[in-house]
Amino acid sequence: MGGYQIIHLSDMVDALGEEDVKSILSTFSCPLNKDVEDFLKSKAIPFSKQGIAKTHLVFTTYKGKPCLIGYFTLANKVFSISCNKRTFSSTLRRRLNKFAVYDSECKVYTLPAPLIAQLGKNFTDGYDKLISGDELLKMACEKVSSIQNLLGGRFVYLECEDKPQLTNFYSENGFFNFGKRQLDRDEKDSLSGNYLIQMLKYL
């Protein structure tokens, strides 16, 4: 994708130092989703250090200066999918059978897949207009594909709030809704509702 540069947060911390990176991250604003903003400012660096989740920053040049326009965070995930004919097509079943473990007694697939844990654009100074959500999501999926070329796998997973603008966006980008997950106690302060929609895509 021409015009964009993806920088691993850990690499930036190593090059610039943690305090300078925190200063850059402090300019990020996402009024549509405070959880996305709060994660980048307060959790991205410690989560990266601990190996819990790895954040990738997206920059472009605007008015002659580099600017942070978005980011995405990836993590490892193992999850279960209840199987029923209404949810899965025969093609998807065949794909799941290649990469998931099926429990015939419980009728549940257990699947390891990268999780797109966070995805957001920077609304500071109108930077959100410099990249589309489709482009940012495509970058995240391409990063997952490059990882899977080394390790194996073909699925990517995410969770989102049950809001039409979100579920429609991901559906239009090839993800399908397969279930719900109840919010953990520490998620209830920053997310609306009592659950998250679980979505999956075959890459």
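Quick notes on this one:
- Search result, residues across the stretch 115-157 that are surrounded by fewer than 16 Cβ atoms within 10 Å (Cβ to Cβ) and not in a helix (DSSP H, G or I): S132, G152, R154
- Cβ pairs under 8 Å, 6+ apart, first in the stretch 1-22 and open to solvent by 80 Å² or more (accessible area, probe 1.4 Å), second of a type in the set (D, E): M1/E135
- Taking the criterion of being within 23 Å of V108 (Cα to Cα) and not aromatic (F, W, Y), the residues of the stretch 172-193 that qualify are G174, N177, G179, K180, R181, Q182, L183, D184.
- The residues listed here are S42, S89, S26, S82; of these, the one that is closer than 28 Å to K163 by Cα, open to solvent by 20 Å² or more (accessible area, probe 1.4 Å), among the hydroxyl-bearing types (S, T, Y) and within 18 Å of the chain's Cα centre (by Cα) is S42.
- Restricting F39, F72, F59, F47 to those that are within 30 Å of Q5 (Cβ to Cβ), out of contact with any helix residue (DSSP H, G or I) (no Cβ under 7 Å at 6 or more places or on another chain) and assigned to a strand (DSSP E or B) reduces the list to F59.
- Which numbered condition P112 fails, given (1) modelled with pLDDT under 95; (2) within 30 Å of K98 (Cβ to Cβ); (3) touching a Gly at 6+ places or on another chain (Cβ under 8 Å); (4) open to solvent by less than 30 Å² (accessible area, probe 1.4 Å): (4)
The values are calculated or read from the model by the stated rules, or taken from the named source; none is laboratory data. Here the structure is a predicted model, which is why all the values come from computation and not from measurement. FYI the Cβ positions are ideal-geometry reconstructions off the backbone, even for glycines, and counts take in every protein chain you see. Just so you know, the surface numbers come from the protein's heavy atoms only, side chains and all, with ligands and any DNA or RNA stripped out. Shrake-Rupley method; radii C 1.70, N 1.55, O 1.52, S 1.80 Å.
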